[in-house]
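Read through the structure below, which is laid out as structure tokens, and then see the notes.
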Amino acid sequence: MHATDPEEALVPLFVKAKDLKGFEQVGTGIFVDFQSQPFLFTAAHVADFLDSRELFMPADGEMQAIDGYVGYIDLLPGMNRSEDNVDIAYYRLSTDFARRVCANFYPLPQERCMLIQSALDLRVCSVYGYPVSKAKRMGGKYYSETATFTGIVASKDTYNTLGLSPDSSIIIHFDKKRAVSPDDGKKINPVSPRGMSGGGIFSWPAGSELSRNWSLPQLVGIFHTYKRTEGLLIGTHLLPVVAATHLGKMKNFGGVI
């Protein structure tokens, strides 16, 4: 079974707490059925936790270490992740682990993923993920809630100002001071997007920009950066993710079945 609402495919990601007593939420992943294989797309700076700690996610009703092959685009020599404008990574999940994940989530089908040539062709997009502020622990169990941020895609001038290209990046205007509820249009104080890195950027079709029907928008990118002062949400097209998976396939995904 596939996800019809993106929320069914979005996954909160965790690491063991530094005191080893429980877990802390660090990001978001997108469970995707891509090329008839199970993948988890996320941001590279979330996957970087693997340098020191394992990443965990809910599977089969409990918190489990993610099992699979990790792929990403390497940084140039001397480059820091903070300088990485691409910032994407993926897991090619093992088939057995993917089956366990399906006890809690459903994969987004490939037909809900759209490769674009330029972000300037987009109009209104939503970032969808799990903010850290919504993570809770009660009775030894962990709970979290999704959030969405919707805004107009930036013009070429904004890309030029930030030194980014609309051919690889997606920039969405989102000013917290001007945020309104999609339910009644009243001003709200939204939660921080912290923890939503690795979540999805979904593009709404023309004429449905104000719709609440989440079966309509398509996944076009991976979210990784929030510039609060400028009021901008930034992510990367799916094309670099696809390119990275092709490279992983050439390496047989490290033997993951």
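Observations on the model:
- Tally, over the range 204-227, of residues that are surrounded by fewer than 23 Cβ atoms within 10 Å (Cβ to Cβ) and within 12 Å of residue 172 (Cα to Cα): 3
- Residue in the range 118-134 that is at pLDDT below 95, open to solvent by 60 Å² or more (accessible area, probe 1.4 Å) and under 22 Å from residue 201 (Cβ atoms) present: yes
- Test result for residue 237, open to solvent by less than 10 Å² (accessible area, probe 1.4 Å) and of a type outside the set (A, V, I, L, M): yes
- Counting only residues that are surrounded by 12 or more Cβ atoms within 10 Å (Cβ to Cβ), in a strand (DSSP E or B) and either modelled with pLDDT under 95 or not aromatic (Phe, Trp, Tyr) (or both), the range 181-203 holds 3 of them.
- Scanning the range 82-117 for residues that are part of a loop (DSSP other than H, G, I, E, B), of a type in the set (Asp, Glu) and free of Cβ contacts under 8 Å to residues at least 60 places away in the same chain returns a single hit, 84.
- Residue that is surrounded by the most Cβ atoms within 10 Å (Cβ to Cβ), among those in the range 143-165 that are of a type in the set (D, E, K, R) and over 15 Å from the mean Cα position of the chain (by Cα): 156
- Search result, residues across the range 42-69 that are free of Cβ contacts under 8 Å to residues at least 60 places away in the same chain and part of a strand (DSSP E or B): 55, 56, 57, 59, 62, 64, 65
- Complete set of residues in the range 6-35 that are at pLDDT 95 or above and part of a loop (DSSP other than H, G, I, E, B): 9
- Unmet requirement for residue 212, which otherwise passes all of (1) in contact (Cβ under 8 Å) with a residue 24 or more places away in the chain; (2) over 13 Å from the mean Cα position of the chain (by Cα); (3) within 24 Å of residue 155 (Cβ to Cβ): (3)
- From the list 5, 48, the lone residue that is open to solvent by 10 Å² or more (accessible area, probe 1.4 Å) and within 17 Å of residue 148 (Cα to Cα) is 5.
- Number of residues in the range 10-45 that are open to solvent by less than 10 Å² (accessible area, probe 1.4 Å) and among the hydroxyl-bearing types (Ser, Thr, Tyr) equals 2.
- Of all residues making up the range 64-116, the number that are among the charged types (D, E, K, R) and open to solvent by less than 60 Å² (accessible area, probe 1.4 Å): 5
The values are calculated or read from the model by the stated rules, or taken from the named source; none is laboratory data. No experiment lies behind these values; they were computed from the predicted model shown. Here Cβ is always computed from backbone atoms with ideal geometry, including for glycine, and neighbour counts include all displayed protein chains. Surface accessibility is based on the protein's heavy atoms, side chains included, excluding ligands, DNA and RNA. Shrake-Rupley method; radii C 1.70, N 1.55, O 1.52, S 1.80 Å.
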